[in-house]
Amino acid sequence: MSVEQTVARAQMPTQMKDTRPGIDWRGRALDRAPFLVACLMLALIVAIYGSLQSGVFTLDELNLDTAAAMTLMLAATGQTIVLVRGGIDLSIGGMISLGTVIAATRFTDDPSTTAFWALAILALGFLIGALNGLLISLLKLQPFLVTLATWSILNGVAMIILPTDGGSVPGWWVGFASGQLLGLTSPVWMLLALLAFWWWFRATRVGIIIQASGSNEKSAFLSGVSITRVNIVTYGLSGLFAAGAALFLITQTGAGSPTIGKDYILPSVAAAVIGGVSLFGGRGHLAGTLIGAFVLTLIGNLVFVLHVSSYWQPVASGVILLLSVLASSVAEKAARSRVL
Amino acid sequence: MSAFLSRNRLIVLAYAGMIVLLLVTAIFSPGFLSVSNMRSTVVLAAFVGIVALGQTFVIIGGGIDLSVPWVLNSAAIVMALLCGGQDLPLVWVMPLLLAGGALIGLVNGVGVAQFGVPPIIMTLATNVILQGLILVLTGGSPTPSAPALIQFLSVGRIGGFPVIALIWLALTLVATLLLSKAAFGRHLYALGTSATVAEFSGVPTARTTVLTYLISGLTAAFAGMLLTGYSGQAYLGMGDAYLFTSIAAVAIGGASILGGSGHYLGTVAGAMVLTILTGLLPALNLSSGALLVVYGAVILITVSIGSETFAGLGGRLRGRRV
C-alpha cells in the first residue's frame, strides 16, 4: 500500500472502514482481546515454568496440573454460566463443602450405595441452585445477597453434619482421578468433556437464552423469555457443577471438610474474569475460564520452581487478575469506540 | 413522623427486630440482659459496626468492598510489629496505619472510578495481594502482644461505659452527619441511585466513589488495630469473618446492595442483630454450624422484606398503589 493510500484510508470516516469487504481482523481481535490476553498469560507462565523445570512438556505434567486445577475448573464452569447470565453465585462455596461432607460420611465400599449418594449430591446441587434462582426471580432479590445467604446456610448445614475435617471415601473413588485411558488421566478427559459440553451447550436453546438474558434482560423478557425459568436453570446448573466439583475434590483430599468450599468462591469468579468473561453478563466463553483456572493453578507451580516463599502466590494471582481486567477494559473501550 | 417511618421503614424494622431478638434471648437466657452481658455484646458489635461503617458508604454508592478482611488484618499485624508491645510508638503508628488503610481504599476507588474495574474484582485483587504481602512479611509466625493503650481503647471503660462503645457512638454521629447533612451524603445517594444521572447532574461521581472506598479502608484499618487490643494479639486470618458480617450488617440494616438507599443507623442495628444472635445460640445449645444457618436465614428474610415484591404486597394490603 502506498503512502497516499494509507493517508486516504486514515482520513476515511469510521463507518466506511467497517463496510469494506473482507474479514475485519482488528475488530475480531479486539472482541476476543480478553481471551487472547489470557492465552498469552498462560503461554508466558508455561514458558517460564518450562525453562526452569525439566519435564514440563510431558503428558505426566499435563495430567498432574489438570488434576490440580479440575475442582476449580468445575466450580468455575458453573460460575461462568451464572456470570454470562449477568449474575454471581457465592453459594457454590457452601455446596462444595456440603458435597464433600455428605460424601465423606455416606460413601461406603458398596458401589451401589456410593453411586446413590453421588447422584443424590448432584441432584441436591441442582435443587439448591434452582432454589437460588427461584428466590432471585420471585422476590426480585440481588443474586449477590441471595447466594451469600444460601452460602452461609449450606456451610452451616455442612458444619452440623461434620463439625471438623474427617470422614473417608472408598479407595476406588479416590483412584478415579488417576485412572488412565490412552495415556491421559480422567481429569484430562473431564477437561475435554467440559469443552465439548460448552461447545454443545452455548448453541442449545437454553444456552442462547441464558446469554441473551445476560446481555439484556429486558429485551430477552420482551422476546418471550421467562426470566424465572432462566434463573432456575442457570443457578441450578451452577449448583450442579459445584456438586460435581465436590465429588472431584474428594478424590484429591480423601476426606470431607465443612470449610473447604470457601476457597473456591472468589477464585472461580477470578478464573472466569481472567479468561475474559464479563461480569456485566452476556459475554464469555468457557475456554477462557478454563485457561484462567490453569493460570491460577500454575502460579503455584511457578512460585515453587522460582524458590520464593509460597506466600507470594496470592500476590501474583492478585496482580494477574488486575492486569487481565485492565487489559479487557482497555480492549472493550477500544472496541466500543469503533462501534460508535 | 409517619413520613419519617415510611421513608425509613427498613431501618425501623431492623431496630424492631433487634429489640424482639433481645427479648427472645432474655427469655431463653435470663442473664442476657444484665449490664455486664450487654456491655460485652456492645463491645463485640462495635467491631462489626466500625468495619461495616465503611462498607455502608461503599454499598450506598453502588459498590462493594471485599478487601476489608486483609486491610483489617494488615493494620493489626503491622501495628503489633511496629509497636512491639510498647505504647509510645502508637503516636506515629496509628496515624501511619490509618493513612495506609486510606491508601488501599484510594487504590480501590481509583481502580473502580477511573479504570472501570468492577468493584468485586478490584477489591478482591487488593485483598489477596495484601494477604500475600502480610504472609511474606510475617512468614506465618505470630506477632508481639498488643500495646496496653490499644487494649484500653478496646476493652477499657470510662465511667462504666466501654471506651470502644463511646468511639462507636462518635463514629455513628460523624457518619450520620455525613450521610444526612453533608453535600457528600447527597452526592453519595445520587451516585448509588444512578451514576449516569448523577454525572450529568454535576455530581463529582469519581471523587465520591473514591471517597467511599477511602473511608472503608480507614475504618477497616482502625477496626484492625482495636481488634488487636481486644484479643491481646494480632494473628493471621483475624479479619476473615468481617467480610461476611460487614456486608450482612449493611443488608440487615436495610440498605440495597444496588446502592442508593440505606443509612448507617440501620447498619448499627444490623451489627447488633448479628452479635445478639451469636449470644443467643449458646443459650439454645446450638452449634456454630447452626449460627451460620441462622445468619443466612436472617439475611434472606430481611432482604426479602426490603424487596419490591414485599413492598408491593404491603402497599396492596393497605389498599393503595406503591
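The values are calculated or read from the model by the stated rules, or taken from the named source; none is laboratory data. Fair warning: this is a prediction, and the values are worked out from it, not measured in the lab. Note that each Cβ is placed from the backbone with ideal geometry, even for glycine, and that neighbours are counted across all protein chains shown.
Could you list all residues from the stretch B:196-219 that are of a type outside the set (S, T, N, Q), in a helix (DSSP H, G or I) and modelled with pLDDT of 85 or more? If the condition is that a residue be of a type outside the set (S, T, N, Q), in a helix (DSSP H, G or I) and modelled with pLDDT of 85 or more, then B:197, B:198, B:200, B:206, B:207, B:210, B:211, B:213, B:214, B:215, B:217, B:218 are the ones that fit. Against the list (1) under 17 Å from the mean Cα position of the chain (by Cα); (2) free of Cβ contacts under 8 Å to residues at least 40 places away in the same chain, the condition residue B:267 fails is (2).
Kindly evaluate residue A:269 against the criterion of being part of a helix (DSSP H, G or I), touching a residue at least 40 places away in the same chain (Cβ under 8 Å) and within 12 Å of another protein chain (Cβ to nearest Cβ). Here the answer is yes, as residue A:269 does meet what is asked. Examine the stretch A:102-123 for a residue that is touching a Ser or Thr at 6+ places or on another chain (Cβ under 7 Å), in a helix (DSSP H, G or I) and under 30 Å from residue A:221 (Cβ atoms), and state whether such a residue exists. Within the stretch A:102-123, not a single residue is touching a Ser or Thr at 6+ places or on another chain (Cβ under 7 Å), in a helix (DSSP H, G or I) and under 30 Å from residue A:221 (Cβ atoms). Filtering the stretch A:292-304 for residues that are part of a loop (DSSP other than H, G, I, E, B), more than 8 Å from chain B (Cβ to nearest Cβ) and of a type outside the set (A, V, I, L, M, F, W, C) leaves an empty set.
Before we move on, is residue A:83 within 11 Å of chain B (Cβ to nearest Cβ), part of a helix (DSSP H, G or I) and free of Cβ contacts under 8 Å to residues at least 60 places away in the same chain? The answer is no for residue A:83.
Only one entry of A:225, A:188, A:233, A:206 meets the criterion of being surrounded by 14 or more Cβ atoms within 10 Å (Cβ to Cβ), without any contact (Cβ under 8 Å) to a residue 24 or more places away in the chain and not aromatic (Phe, Trp, Tyr), and that entry is A:225. Considering A:177, A:158, the condition of being within 14 Å of another protein chain (Cβ to nearest Cβ) and outside any loop (DSSP other than H, G, I, E, B) is satisfied by A:158 alone. Scanning the stretch A:272-291 for residues that are away from chain B (no Cβ under 12 Å) and either in contact with an Asp or Glu (Cβ under 6 Å, 6 or more places away or on another chain) or not in a loop (DSSP other than H, G, I, E, B) (or both) yields A:286, A:287, A:288, A:289, A:290, A:291.
So residue A:305 fits all but one of (1) closer than 30 Å to residue A:159 by Cβ; (2) in contact (Cβ under 8 Å) with a residue 24 or more places away in the chain; what number is the exception? Single failed check for residue A:305: (1). State all residues of the stretch A:37-69 that are free of Cβ contacts under 8 Å to residues at least 12 places away in the same chain and part of a helix (DSSP H, G or I); if no residue qualifies, say none. Within the stretch A:37-69, A:40, A:43, A:44, A:47, A:50, A:51, A:60, A:61, A:64 qualify. Count of the stretch B:80-102 residues, restricted to those that are crowded, with 21+ Cβ neighbours inside 10 Å and free of Cβ contacts under 8 Å to residues at least 24 places away in the same chain, is 1. If you go through the stretch B:250-277 and keep only what is among the β-branched types (Val, Ile, Thr), within 13 Å of another protein chain (Cβ to nearest Cβ) and outside any loop (DSSP other than H, G, I, E, B), you end up with B:250, B:252.
Counting the residues of the stretch A:108-140 that are in contact with a Phe, Trp or Tyr (Cβ under 6 Å, 6 or more places away or on another chain) and either among the small types (Gly, Ala, Ser) or buried (at least 23 other Cβ atoms within 10 Å of the Cβ) (or both) gives 3. For the stretch B:232-253, the set of residues classified as more than 24 Å from residue B:296 (Cβ to Cβ) and either buried (at least 24 other Cβ atoms within 10 Å of the Cβ) or without any contact (Cβ under 8 Å) to a residue 24 or more places away in the chain (or both) consists of B:234 only. Scanning the stretch A:21-66 for residues that are out of contact with any Gly (no Cβ under 6 Å at 6 or more places or on another chain) and among the small types (Gly, Ala, Ser) yields A:22, A:27, A:29, A:33, A:43, A:47, A:50, A:51, A:54, A:55. The set of residues from the stretch A:208-238 being in contact with an Asp or Glu (Cβ under 8 Å, 6 or more places away or on another chain) and either under 18 Å from residue A:193 (Cα atoms) or of a type outside the set (Val, Ile, Thr) (or both) comprises A:235, A:238. The residue that is nearest to the other protein chains (Cβ to nearest Cβ), among those in the stretch B:103-145 that are surrounded by fewer than 22 Cβ atoms within 10 Å (Cβ to Cβ) and within 19 Å of the chain's Cα centre (by Cα), is B:120.
Residues that are polar (S, T, N, Q) and within 16 Å of residue B:141 (Cβ to Cβ) within the stretch B:229-251 comprise just one, B:233.
Looking at residue A:219, is it of a type in the set (S, T, N, Q), assigned to a helix (DSSP H, G or I) and loosely packed, with under 15 Cβ neighbours inside 10 Å? It is true that residue A:219 is of a type in the set (S, T, N, Q), assigned to a helix (DSSP H, G or I) and loosely packed, with under 15 Cβ neighbours inside 10 Å. The set of residues in the stretch A:262-276 that are crowded, with 24+ Cβ neighbours inside 10 Å and either at pLDDT below 85 or basic (Lys, Arg) (or both) contains only A:276.
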